[in-house]
1. Name the pairs: first residue in the range 108-126 and at positive phi and open to solvent by 20 Å² or more (accessible area, probe 1.4 Å), second residue more than 8 Å from the ligand (Cβ to nearest atom) and of a type outside the set (D, E, K, R), Cβ to Cβ under 9 Å, at least 6 apart or on different chains?
2. Identify the residue in the range 346-367 that is loosely packed, with under 15 Cβ neighbours inside 10 Å and over 25 Å from the mean Cα position of the chain (by Cα) and, among all such residues, is nearest to residue 167 (Cα to Cα).
3. Yes or no: the range 296-313 includes at least one residue that is more than 16 Å from the ligand (Cβ to nearest atom) and within 23 Å of residue 165 (Cβ to Cβ).
4. Please go through the range 145-168 and give me each residue that is more than 26 Å from residue 224 (Cβ to Cβ), in contact (Cβ under 8 Å) with a residue 12 or more places away in the chain and open to solvent by 50 Å² or more (accessible area, probe 1.4 Å), ordered by number.
5. Among the residues of the range 331-345, write down those that are without any contact (Cβ under 8 Å) to a residue 40 or more places away in the chain and surrounded by fewer than 20 Cβ atoms within 10 Å (Cβ to Cβ).
6. With the range 145-223 as the region, which strands (runs of 3 or more DSSP E) entirely inside it contain at least 3 residues that are closer than 19 Å to residue 132 by Cα?
7. Which members of the range 1-44 meet the condition of being under 28 Å from residue 180 (Cα atoms) and either among the small types (Gly, Ala, Ser) or in a loop (DSSP other than H, G, I, E, B) (or both)?
Amino acid sequence: MDIFRIEGPVQLSGVVSINGSKNASLPIMAATILTAGKSILKAVPHLSDISVFSQLLGRLGCELTRSPNGDLCIDSRVIDNPVGEYEIVRRMRASICVLGPLLARCGRAEVSMPGGCAIGDRPIDIHLRGLRELGAKIHLKSGYIVAEAPRGLTGCDIFMGGPFGSTVLGTANVLMASTLAKGKTIIASAACEPEIVDLANCLTKMGAKIDGIGSPRLIIEGVKELQPAEYQVIPDRIEVGTFMVAAAITAGQLRLLNCRLDDMMAVVDKLRNIGVTVEKGKTRDERRETRDEVVVARRGSIKPADITTQPYPGFPTDLQAQFMALLSLAKGNSVVIEKVFPDRFMHVAELNRMAANLRREGSTVIIAGVKKLVAAPVMASDLRASAALVLAGLVAEGTTVVNRVYHIDRGYERIEERLNLVGAKIFREGI
Ligand code: EPU
């Protein structure tokens, strides 16, 4: 188990290139199950979550290879074992998004029921409700969801809203299943996250007929079959946001290449209110395609802010912990309300160990800004919480030790190397 030893405080300055999105890549990889051929996915990041998901697809029967230029090739001609095993699902909940495509392709699927995790209960009732409405018969057997539709799925109108709004992977599951259903499906209260838009665009490239992409009302006209495709995954907006906070918290300046600021309006707005400058520019990549870049810098003090996380286009829950680290150092009091995962606060006690002053009341955290953070040994509990601890470690006085950094490797590629190139002092050690 690796640890990070982080020496602070530092001030970051330089250029960082943003990788492809993890949360867009996973459902897009699952979408290849719907085709019987070889798809080529570009910009899929090298992350442990992607490796685990690749193993899952491999066990189903797919053949996966990385070409020398980094493209991920998925040959899904053979799917002879439509089973998502407990051993893999327990390591990564996102494995659930093979359920819809397996059911559509094979008429049957068995996927281990995901349990809770460090960010809360995470039920999948809405996924199952949607698939049942498409005609699947579903029951639970020894901890496995067994879904059957031997005569195929049939389009219908489905409402996908839940107690916390729409569901991202639930929408992905039902959308993928409905592309091969007979007739028309309408998904109301669909998730509008950019990762769902990316999935829908990839499915369209595979031959699916989807209207309303990017809106909460998706209309899908089922087709007989989909074709494999070549597709480029969008940049990771959560990685962009994390590096933006890295620039802001260290009073530094970072130029971030390959990002789409239009997907991040709530985040950019919040940063500007906090006193961070965010300037958008354009660059051309090696294929001469124009891409957004952004320069993020802070010179004055950090102003307090109120943040409420919400489904897209609201402020993303996946950046809540990182912003909490930033607001810990604000001049005044801030309030963070978590409306997507009301228990996603494992980082609160850890940040307090670093001399932050955070008080949790239910799904709200009140932050009394402090002048400085102080290094301490802390424990990473989930992916985004660990990112927050690394960010805090950059500015805390002394040597912060972050334990269990495997959490951060799930979603950030070589984060310590990339931060060190712009001025951080992070050392990875095996224990
Ligand atoms: N929910 C239900 N019933 C369901 C499904 C969800 O009540 O059937 C609830 C959840 O408990 C939660 C809310 O609805 O309160 C939203 O959950 P959602 O289903 O949208 O989350 P998800 O699809 O499981 C994805 C991302 C998460 C991200 C959330 C919210 C992937 C692989 N995961 O999860 O990313 O936080 O959407 O944006 O795309 C991360 O990357 O660190 C991460 C956790």
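The values are calculated or read from the model by the stated rules, or taken from the named source; none is laboratory data. None of the values given here were measured: they were computed from a predicted structure. For neighbour counting, all protein chains shown are included, and Cβ atoms are generated from backbone atoms with ideal geometry for every residue, glycine included. Remember, those area values only see protein heavy atoms, side chains included, never the ligands or the DNA or RNA. Shrake-Rupley method; radii C 1.70, N 1.55, O 1.52, S 1.80 Å.
1. Going by the 9 Å Cβ cut-off, the qualifying pairs are 122/114; 122/115; 122/116.
2. 361
3. Yes; the residues of the range 296-313 include at least one that is more than 16 Å from the ligand (Cβ to nearest atom) and within 23 Å of residue 165 (Cβ to Cβ).
4. Within the range 145-168, 159, 164, 168 meet the criteria.
5. 331, 332, 333, 335, 337, listed by residue number.
6. 157-159, 184-188, 217-221
7. Scanning the range 1-44 gives 20, 21, 24, 25, 30, 31, 36, 37, 39, 43, 44.
Table: residues versus (1) open to solvent by less than 20 Å² (accessible area, probe 1.4 Å); (2) over 24 Å from residue 232 (Cα atoms).
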{"residue": "22", "(1), (2)": "yes, no"}
{"residue": "50", "(1), (2)": "yes, no"}
{"residue": "79", "(1), (2)": "no, no"}
{"residue": "84", "(1), (2)": "yes, yes"}
{"residue": "87", "(1), (2)": "no, yes"}
{"residue": "96", "(1), (2)": "yes, no"}
